[in-house]
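Enquirer: Please read through the structure below; I'll follow up with questions.
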Amino acid sequence: MEPIPRKHWIGTPLCLRGWQRNIESKKRKYNGAREIFVGLQNYISLVNDAIFLNSLKVTLVLNLFINPIQIAMALLLALLLNSNTLSIRVFRTLIMIPIGISLAIASVIWGFALNPHAGLVNSMLSLFGIPHQPFLTSSTQALWCVILIATWKGLAYWMVIFLAGLQEIPEQLYEAAIIDGANSWQCFWGITLPLLKRVLLFVLVADTTANFLLFVPIFVLTRGGPQMSTNVLMHESYSRAFVYSDMNSALTIVTVILVILLSIIGIQFKLLKASE
Amino acid sequence: MENFILFPWETSTQVLFYNKDLFRRAGVPEPPMDVTKRLTWEEVVEIARKVQAVANEGKPTTEFWGFTFDQVSRLYQIQALPESLGGGSGVGPDGLTFSGYMNNEAWVKAMQFYYDLFNTWQISPKGLTPEETPTLFSSGKVGIFVGGTWNISMFMAAEGLEWGMAPHPYFEGGEVMTPTGSWHLGINPKSKHVEQAVRFAKFLALNDELMRDWFRKIGQLVANKVMIDVIKEDPMYGGSPTIFTERWFFTS
């Protein structure tokens, strides 16, 4: 088979290039490297790959928890801070600070704080008589630490978008409801939530995407460990591409991420549109 | 010129660094620099436990540690353990087979030792990256640090740190195995400026005076014989080049 000329790929979008490379597998020699067509073999290999399957599981588990947690907390914060008095504005600014810190630096600082022996978090826990926790060094706790760090960093950002949505809701609606004898829960359920639906859909889709592509805290702190407990698909794809030089397998994983992400976003659109 | 060419530049070896102050407090004699009297891993563990217990005044540690590797969880550093027990490199002769090579008896024993350092004996801190371990030693919190010679300049600059060096340990009854690696000045034959690059590489790598200063300031072993002169003159190296040169001749 003739080697496919590299020029052919220049100018095609990255995702298409990924697709092309996925259906061509490598037969690398150090001189005159060439690639051959293998059909769907890259995908078939993945299905039987225990490391990939574990990585898929970790990614899904992470997203199953991190997205509802972040969205619920961001909405709650936005509701608490939805007022324009001076003290609330000062408080809002304080909560926004994590947005200004790079995630890489935040991860390093959290890494110090979560140190199992001399970390700040363990010192604070010991004030309440709680024994030292292993945190990032434990295969059962590490993923939760990643959730903590990513949420600490991302929460304020989603909160701001919710706040913008809340401030759009006309005050008269609440006044009218209160005159009719509605309590605050009924106001939230009957006015706030329905009018926030468009904002909610945006936050849901954008947050899910961001968390499916979450990479920095894992790369900085755990490298997918301990015992692959934080080895999300993005990290596995990175390792295959840049540690093991297996670009085709890495791009196959990226394509899988893309397909999963598109299906989840499709479902989210359908659910929130259908109930309108 | 058709081939990729390299000039030898730096080389390295792994040695045992120890904190003289913590050793003194624990009443442990300083290990000799002599390669024929190197410590065994069994002795290292025993010393580390003693040093750690005395430094922390018998309490569970959050501050002082008996032992740490430089490059924790990297094969480069850890491979010497199974190799010392006769377990081989962990890879089969075809370069692709791991089963039977990375899980043979010696490898299991070596990994058990590595596990015990952190969990059973608890003399090594968990959750550190290879970037953090040298600073832990240079801040005086570690009794024994087994690591690369590139750390020497950092330890020399650390204020109040009294430290010494000894040869890399081995398992009792096992073989002496020390990790090593080297650095080179590479010249790409496809470059437009091969001639200039060769001249520059010669200026660096074949310049005795420059290499002598480089070794004195950086501490990293250099692939040049002037290193031996510096080691013989400088009391820090105990006047004995053997601890470095046993590996030096292999890599440069």
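The values are calculated or read from the model by the stated rules, or taken from the named source; none is laboratory data. Just so it is clear, the structure is predicted and the values come from calculations on it, not from any experiment. Quick reminder, even Gly has a Cβ in these numbers, built from the backbone with ideal geometry, and neighbours come from all protein chains shown.
Enquirer: Select, from A:222, A:151, A:230, A:208, the only residue that is within 15 Å of residue A:62 (Cβ to Cβ), of a type in the set (Ser, Thr, Tyr), in contact with a His (Cβ under 9 Å, 6 or more places away or on another chain) and in the same structural domain as residue A:267 (by TED's automatic domain parsing).
Expert: Working: A:151 fails: in contact with a His (Cβ under 9 Å, 6 or more places away or on another chain); A:230 fails: in contact with a His (Cβ under 9 Å, 6 or more places away or on another chain); A:208 fails: in contact with a His (Cβ under 9 Å, 6 or more places away or on another chain).
On inspection, the qualifying residue turns out to be A:222.
Enquirer: Turning to a different aspect of this structure: Looking at region A:130-143, which of the residues that are in contact (Cβ under 8 Å) with a residue 60 or more places away in the chain and away from chain B (no Cβ under 14 Å) is surrounded by the most Cβ atoms within 10 Å (Cβ to Cβ)?
Expert: To start, the set of residues in region A:130-143 that are in contact (Cβ under 8 Å) with a residue 60 or more places away in the chain comprises A:136-140, A:142-143.
Checking which are away from chain B (no Cβ under 14 Å) leaves us with A:140, A:143.
Numbers: A:140: 10, A:143: 22.
Among those residues, the one meeting the criterion is A:143.
Enquirer: Restrict the check to region A:236-257 and report whether at least one residue is out of contact with any Lys or Arg (no Cβ under 7 Å at 6 or more places or on another chain), crowded, with 17+ Cβ neighbours inside 10 Å, in contact (Cβ under 8 Å) with a residue 40 or more places away in the chain and within 28 Å of residue A:114 (Cα to Cα).
Expert: yes
Enquirer: Look through B:108, B:91 and report the one residue that is surrounded by fewer than 19 Cβ atoms within 10 Å (Cβ to Cβ), part of a helix (DSSP H, G or I) and without any contact (Cβ under 8 Å) to a residue 24 or more places away in the chain. Steps first, answer last, please.
Expert: Numbers: B:91 fails: part of a helix (DSSP H, G or I).
Step by step, each of B:108, B:91 is checked, and only B:108 is surrounded by fewer than 19 Cβ atoms within 10 Å (Cβ to Cβ), part of a helix (DSSP H, G or I) and without any contact (Cβ under 8 Å) to a residue 24 or more places away in the chain.
Enquirer: When region B:168-200 is examined, which residues are found to be more than 27 Å from the chain's Cα centre (by Cα) and either of a type in the set (Lys, Arg) or surrounded by 15 or more Cβ atoms within 10 Å (Cβ to Cβ) (or both)?
Expert: Filtering region B:168-200 for residues more than 27 Å from the chain's Cα centre (by Cα) gives B:187-200.
Matches in region B:168-200: B:187, B:190, B:192, B:197, B:198, B:199.
Enquirer: Restricting the search to region B:45-73, which residues are farther than 16 Å from residue B:115 by Cβ and under 17 Å from the mean Cα position of the chain (by Cα)?
Expert: B:70, B:71
Enquirer: Among the listed residues B:144, B:152, which satisfies the condition of being part of a helix (DSSP H, G or I), buried (at least 17 other Cβ atoms within 10 Å of the Cβ) and not basic (Lys, Arg)? First the steps, then the outcome.
Expert: Values: B:144 fails: part of a helix (DSSP H, G or I).
Only one candidate passes the filter, namely B:152.
Enquirer: Taking the condition exposed (fewer than 14 other Cβ atoms within 10 Å of the Cβ) and either in the same structural domain as residue A:149 (by TED's automatic domain parsing) or not hydrophobic (A, V, I, L, M, F, W, C) (or both), does residue A:66 pass?
Expert: Values: exposed (fewer than 14 other Cβ atoms within 10 Å of the Cβ): no; either in the same structural domain as residue A:149 (by TED's automatic domain parsing) or not hydrophobic (A, V, I, L, M, F, W, C) (or both): yes.
No; evaluated as a whole, the condition is false for this residue.
Enquirer: I would also like to ask the following. Go through region B:26-81 and give me each residue that's away from chain A (no Cβ under 14 Å), part of a loop (DSSP other than H, G, I, E, B) and surrounded by 14 or more Cβ atoms within 10 Å (Cβ to Cβ).
Expert: Listed by number, the residues that qualify are B:26, B:28, B:31, B:32, B:33, B:38, B:39, B:70, B:79.
Enquirer: Here's another thing I want to ask about it. Take region A:113-127 and flag every residue that is at the interface with chain B (Cβ under 9 Å from one of its Cβ atoms) and surrounded by fewer than 18 Cβ atoms within 10 Å (Cβ to Cβ). Reasoning before the result, please.
Expert: Just the residues of region A:113-127 that are at the interface with chain B (Cβ under 9 Å from one of its Cβ atoms), to begin with: A:114-119, A:122-123.
Correct list: A:118, A:123.
Enquirer: What are the residues in region A:84-112 that are away from chain B (no Cβ under 13 Å), surrounded by 13 or more Cβ atoms within 10 Å (Cβ to Cβ) and not aliphatic (A, V, I, L, M), if any?
Expert: Answer for region A:84-112, where residues must be away from chain B (no Cβ under 13 Å), surrounded by 13 or more Cβ atoms within 10 Å (Cβ to Cβ) and not aliphatic (A, V, I, L, M): A:91, A:92, A:98.
Enquirer: Looking for something out of contact with any His (no Cβ under 7 Å at 6 or more places or on another chain), more than 14 Å from chain B (Cβ to nearest Cβ) and assigned to a loop (DSSP other than H, G, I, E, B) - is there at least one such residue anywhere in region A:165-173? Spell out how you get there, then give the answer.
Expert: Start the filter on region A:165-173 by keeping residues that are out of contact with any His (no Cβ under 7 Å at 6 or more places or on another chain), which leaves A:165-173.
Still in the list and also more than 14 Å from chain B (Cβ to nearest Cβ): A:165-173.
Checking which are assigned to a loop (DSSP other than H, G, I, E, B) leaves us with A:169-170.
Yes, region A:165-173 contains a residue that is out of contact with any His (no Cβ under 7 Å at 6 or more places or on another chain), more than 14 Å from chain B (Cβ to nearest Cβ) and assigned to a loop (DSSP other than H, G, I, E, B).
Enquirer: Please identify the pairs in which a residue from region B:166-194 that is touching a residue at least 24 places away in the same chain (Cβ under 8 Å) and over 30 Å from residue B:43 (Cα atoms) has its Cβ atom under 7 Å from the Cβ atom of a residue that is among the polar types (S, T, N, Q) and in a loop (DSSP other than H, G, I, E, B), counting only partners at least 6 apart or on another chain.
Expert: So the pair list comes out as B:189/B:3.
Enquirer: Sort out which residues of region B:111-134 are buried (at least 17 other Cβ atoms within 10 Å of the Cβ), part of a loop (DSSP other than H, G, I, E, B) and hydroxyl-bearing (Ser, Thr, Tyr), and write them in order of number.
Expert: Hit for region B:111-134 is B:124, nothing else.
Enquirer: Next up: Under the condition of being of a type outside the set (Val, Ile, Thr) and more than 14 Å from every other protein chain (Cβ to nearest Cβ), which residue from region B:115-146 is farthest from the chain's Cα centre (by Cα)? Lay out the reasoning, then the answer.
Expert: Of region B:115-146, the ones of a type outside the set (Val, Ile, Thr) are B:115-119, B:121-122, B:124-128, B:130-132, B:134, B:136-141, B:143, B:145.
Those left that are additionally more than 14 Å from every other protein chain (Cβ to nearest Cβ): B:116, B:121, B:134, B:137-138, B:140, B:143, B:145.
On the way: B:116: 20, B:121: 22, B:134: 11, B:137: 13, B:138: 15, B:140: 18, B:143: 15, B:145: 9 Å.
The qualifying residue farthest from the chain's Cα centre (by Cα) is B:121.
Enquirer: Name the one entry in A:88, A:149, A:161, A:178 that is closer than 26 Å to residue A:198 by Cβ and in contact with a helix residue (DSSP H, G or I) (Cβ under 6 Å, 6 or more places away or on another chain).
Expert: Working: A:88 fails: in contact with a helix residue (DSSP H, G or I) (Cβ under 6 Å, 6 or more places away or on another chain); A:149 fails: closer than 26 Å to residue A:198 by Cβ; A:178 fails: in contact with a helix residue (DSSP H, G or I) (Cβ under 6 Å, 6 or more places away or on another chain).
Only one candidate passes the filter, namely A:161.
Enquirer: Can you say whether residue A:155 is over 27 Å from residue B:125 (Cα atoms), touching a residue at least 12 places away in the same chain (Cβ under 8 Å) and more than 19 Å from the chain's Cα centre (by Cα), as far as the supplied structure shows?
Expert: Details: over 27 Å from residue B:125 (Cα atoms): yes; touching a residue at least 12 places away in the same chain (Cβ under 8 Å): yes; more than 19 Å from the chain's Cα centre (by Cα): no.
No: the conditions fail for residue A:155.
Enquirer: Next question, about the same structure. Please work out which one of (1) in a loop (DSSP other than H, G, I, E, B); (2) within 14 Å of chain A (Cβ to nearest Cβ) is the condition residue B:172 fails and give its number.
Expert: Against the list (1) in a loop (DSSP other than H, G, I, E, B); (2) within 14 Å of chain A (Cβ to nearest Cβ), residue B:172 comes up short only on (2).
One line per residue, one yes/no per condition, for (1) in contact with a strand residue (DSSP E or B) (Cβ under 9 Å, 6 or more places away or on another chain); (2) farther than 20 Å from residue B:148 by Cβ:
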site: B:47; (1), (2): yes, yes
site: B:53; (1), (2): yes, yes
site: B:57; (1), (2): no, yes
site: B:64; (1), (2): yes, yes
site: B:72; (1), (2): no, no
site: B:79; (1), (2): no, no
site: B:83; (1), (2): no, no
site: B:87; (1), (2): no, yes
site: B:92; (1), (2): no, yes
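Enquirer: Within region B:85-114, restricting attention to residues that are aliphatic (A, V, I, L, M) and more than 29 Å from residue B:65 (Cα to Cα), which residue is nearest to the other protein chains (Cβ to nearest Cβ)?
Expert: Here is the first cut: in region B:85-114, the residues aliphatic (A, V, I, L, M) are B:85, B:91, B:96, B:102, B:106, B:108, B:110-111.
This time we only want the ones that are more than 29 Å from residue B:65 (Cα to Cα), so: B:91, B:96, B:102.
On the way: B:91: 14, B:96: 13, B:102: 16 Å.
For region B:85-114, the residue satisfying everything is B:96.
Enquirer: Select from region A:218-235 the residues that are in a helix (DSSP H, G or I) and within 15 Å of the chain's Cα centre (by Cα) and write down the one among them that is nearest to residue A:114 (Cα to Cα). Before you say what the answer is, go through the steps one by one.
Expert: Quick first cut of region A:218-235, residues in a helix (DSSP H, G or I) only: A:218-222, A:233-235.
Filter again for within 15 Å of the chain's Cα centre (by Cα), leaving A:218-219, A:233-235.
Values: A:218: 14, A:219: 16, A:233: 24, A:234: 23, A:235: 21 Å.
For region A:218-235, the residue satisfying everything is A:218.
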